[in-house]
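Read-outs throughout are calculated quantities, based only on the coordinates presented, and are distinct from any laboratory measurement. Computed from a prediction, not measured in an experiment: that's the story for all the values here. With ideal geometry, Cβ positions are generated from the backbone for all residues, glycine too; neighbour counts draw on all protein chains shown.
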Amino acid sequence: MAQDAPAAPAPTRTAVATSAEQRRAYIQFDLLIIPLIVLLFMGIFSFHFALLVGDWDYWVDWRDRRWWPLVTPLALSVLPGVFGYLLWDRLRLPVAGTLTILCLTFASWVSRYLNFHLFADFPMNMVWPSTYIALGLIFDCILLLSRSFFVTGLFGGFLFGLLVYPLNWPLLAPFQVPVELHGTMLTVADLLGYEYVRTAIPEYVRKIEQSTLRTFGEAVTPLTAVFAGFLNILNTWFWMWIGYLGAKSVWLRKIT
Amino acid sequence: MIDAAGTPTAAKLRSRRERLRRRTLRMLALFYVLMLLPLVADAHGERAQMPQLRMSTVHWFDIEVSTTRLDVNDEIVVKGSFMPSRFWPEHVESIEGTAFLNIGVPGPSFVRLDSRVNGVPMIRSTRFMRGELYHFEMRLKARKPGRYHVHPLINVKGTGPIIGPGRWVEVGGNAADFRLEATTLLGQKIDLEHYGFANAAWWSLFWFVFGLSWFVYWLLECPIVIPRFKRRDELGVDADQMITKADRRFAFIYLTLTLSFIVGGYQYAQASYPITTPLQTGRVNVPPAERPAPTVKVEMVEARYRIPGRSFRIELKVTNSGNSAVTVGELAAGNLRFVNAAVSKVVPADEDDLVAADSLRVENGPVQPSETRNIVIYADDAMWETQRMTTMIKSPDANVAAMLFFYGADGERHIVEIGGPMIPVFG
Ligand SMILES: [Cu+2]
């Protein structure tokens, strides 16, 4: 990579003397570093998300009212938290929330299309990824407007947890329309899960909401959303703190 | 070779680039295979499982497929019977916990229209009782052309798939012709291959473009990384000055728009789909098949496996309380069938049907009505070896279980499970 750097033949210092040339060098640096960061985010985020959320995001019949909207924001806040801190602290750039989730979304679509659809033959309507980009936007906008990590964690973190379900409802609602199969009521999503055979993923491994005797029955969605929101405030603060530790670390100070 | 190419450096460079390209492609391919292995590998774990696990978990028998050659959109019925073993290993999670009747095919090459055990739909998970008899039936519709080894299987929670005997099925036709429809409880007819996808993709694209525009806004002042890094350093505690009034206005508009789109989208979806239900789950109960009181009682006196001869010798104490003489027609263990040709004629369904048509010998003949007698059976076949059943001597728990099929002089079949310790013979 060292050979590619524009300022390589610069022991004489003349190469970056004029501002026009300096500008060109900076642009080249951007052209080099930004795609690299994008690739890095795609790799890290999709790996991390596959590990923590995995099947909840892979299959339309896993997106229940209790576990999916709780697990997702907790896993989803990690990169926006860490890199939100780093990019704001070092560059005053409020883009980490949106950019990391854009990267995740792009990588997810590629993987669902190639692996799940073309290779494993599942129809796309069973394996489409959920959308979370709006959450990153909210995070970035609040960070910019408040200029405070505390406030961003408080409101951004809370909205991250609160809005996963309503944000995805326009995509998901058609799949939760009831159908009947052999005397059993199912949702369209359940029907897809039953008819499109998954040999290694039997029905019982789905971690979805089971019927309970709790009186909250009617209000599962809002309750989960609020609970996920509160939990995610602490979660976001924690990951921002990790970003703070990262910013302090030697390897970053060395660049300055 | 380099000389022949004329320009050696260019050729070398080209070949190096070619090699790199090929290596990258191979790595990518490997990566995808590894990612998908858990999805497809299960279809052929038949020999990989420990022999004890194969022998003393589920006994499958009378497996039938309605056809072995069909086209896309045609239906096929896979049916048969199974009996969870009474000798289910203690260290393996029981089928009496949670289980699901499934089909071992690579991905959704078939769709499952119906699956039942003893007439009860198996949409949900259930439990099966040890020593009880169950009849299953699965109706599938072919989706992708290809040649498939179709296995019935039962996923047992905590244990994994217990695979039944496979049958080769060939699917012809064109994958593009596949159709699958359903009617919702609201009376809407839907195409399950595509339903809801265009909508989900549209929303995803909308948010992607909207999010991307936010990022592009910041990219527009390019170069950004080094200049901003420097300014941020110069300004120190006053770094917030770097955020302009225009930035703030832009962020305010974006935040308002984002929240409005979320709320608007939610309300639009509520209005378009006023009736929805949560994902459905739960357990169903399957009553075991009713059977007449058994008239053949069997006790396993001794089981010895002679390794050099690939021969299983089992001594049995048989009590016949029926009205006609009975004799052993078949021993089935771990999906292998050892048939006594003198009593029962079995033709293998295909080249991978694990039937040894003439491999069972019975000593000390039929057991007469109201008689108790010790008989000895020998199951001799290379199948013990080729199907990797011989590794049973390496198990810390050297027990075996098998099904015996007795046939009466009146033609009736009696099914009895035997099991107990096994002793290997090395000489
Ligand atoms: Cu097979």
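Below is a table of values for the structure above.
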| read-out | value |
| --- | --- |
| Kirkwood Rh, Cα atoms: Rg over Rh of the protein assembly as shown | 1.09 |
| Percent of beta bridges antiparallel (DSSP, chain B, rounded to nearest 5) | 90 |
| Whole-Å semi-axes of the ellipsoid equivalent to chain B (Cα gyration tensor, √5λ, descending) | 60, 31, 22 |
| Label zone at B:ILE307, where the point sits 7 Å out along the Cα-to-Cβ direction: the stretch B:386-427 residues whose backbone N lies under 16 Å | B:386, B:388-399, B:422-427 |
| 10 Å Cβ neighbours from other chains, averaged over peptide B:280-287 | 4 |
| Charge sum, other residues only, whose C-beta stays under 10 Å from A:HIS182's C-beta, Lys/Arg counted +1 and Asp/Glu -1 | -1 |
| Student exercise, the stretch B:323-427 dipole from Lys, Arg, Asp, Glu Cβ charges, in Debye to nearest 20 | 280 |
| B:VAL425 long-range amide H proximity, modeled H, under 5 Å | B:TYR305, B:ARG306, B:ILE307 |
| Peptide A:178-191, shielding by other chains (average Cβ, 10 Å cutoff) | 6 |
| Placed amide H near B:THR295: partners under 5 Å, 5+ positions off or other chain | none |
| Residue exposure sequence - B:SER94, B:SER272 - by fewest surrounding Cβ within 10 Å | B:SER272, B:SER94 |
| Whole-angstrom gap from the stretch B:306-338 to the stretch A:178-193, using each part's C-alpha centre | 45 |
| For B:GLU90, A:GLU209, B:GLU371, order by how many other beta-carbon atoms lie within 10 Å, fewest first | B:GLU90, B:GLU371, A:GLU209 |
| Cα centroid separation, the stretch A:64-107 to the stretch B:78-103 (Å) | 44 |
| Check: the stretch B:112-172 dipole with +1 on Lys, Arg Cβ and -1 on Asp, Glu Cβ, in debye | 220 |
| Computed magnitude of the charge dipole of chain B (debye, nearest 20; Cβ of K, R +1, Cβ of D, E -1) | 1720 |
| For B:THR390, net neighbour charge (Lys/Arg +1, Asp/Glu -1) across residues whose Cβ lies under 12 Å away | +3 |
| Under the Karplus curve 6.51 cos²θ - 1.76 cosθ + 1.60, θ = phi - 60°, whole-Hz ³J(HN,Hα) for the stretch B:261-269, x wherever Gly or Pro sits | 4, 5, 5, x, x, 5, 5, 4, 5 |
| Selected from A:TRP68, A:LEU52, B:ASN174, residue furthest toward positive end of dipole (the protein assembly as shown; charges at beta carbon) | A:LEU52 |
| Highest to lowest packing among A:114-121, A:235-242, scored as the average C-beta count within 10 Å | A:235-242, A:114-121 |
| Highest to lowest packing among A:51-59, B:349-357, B:171-179, scored as the average C-beta count within 10 Å | A:51-59, B:349-357, B:171-179 |
| J(HN,Hα) series, the stretch B:126-139, from Karplus relation 6.51 cos²θ - 1.76 cosθ + 1.60, nearest Hz, glycine and proline x | 8, 9, 10, 8, 5, x, 9, 9, 10, 10, 10, 8, 10, 10 |
| Choice from B:TRP214, B:TRP88, B:TRP168 showing the highest fluctuation, given a GNM over chain B with Cα pairs closer than 10 Å | B:TRP214 |
| Charge context of A:TRP88, other residues only, Cβ under 11 angstrom, K/R +1, D/E -1 | +2 |
| Under the Karplus curve 6.51 cos²θ - 1.76 cosθ + 1.60, θ = phi - 60°, whole-Hz ³J(HN,Hα) for the stretch A:167-180, x wherever Gly or Pro sits | 4, 8, 4, x, 7, 8, 3, x, 8, 10, 7, x, 9, 10 |
| Residue-averaged beta-carbon neighbours from other chains (10 angstrom radius) around B:223-235 | 5 |
| Structure-based [θ]222 nm, the protein assembly as shown - -39500 (n - 2.57) summed over DSSP H runs of at least 4, per residue, nearest 500 | -12500 deg cm²/dmol |
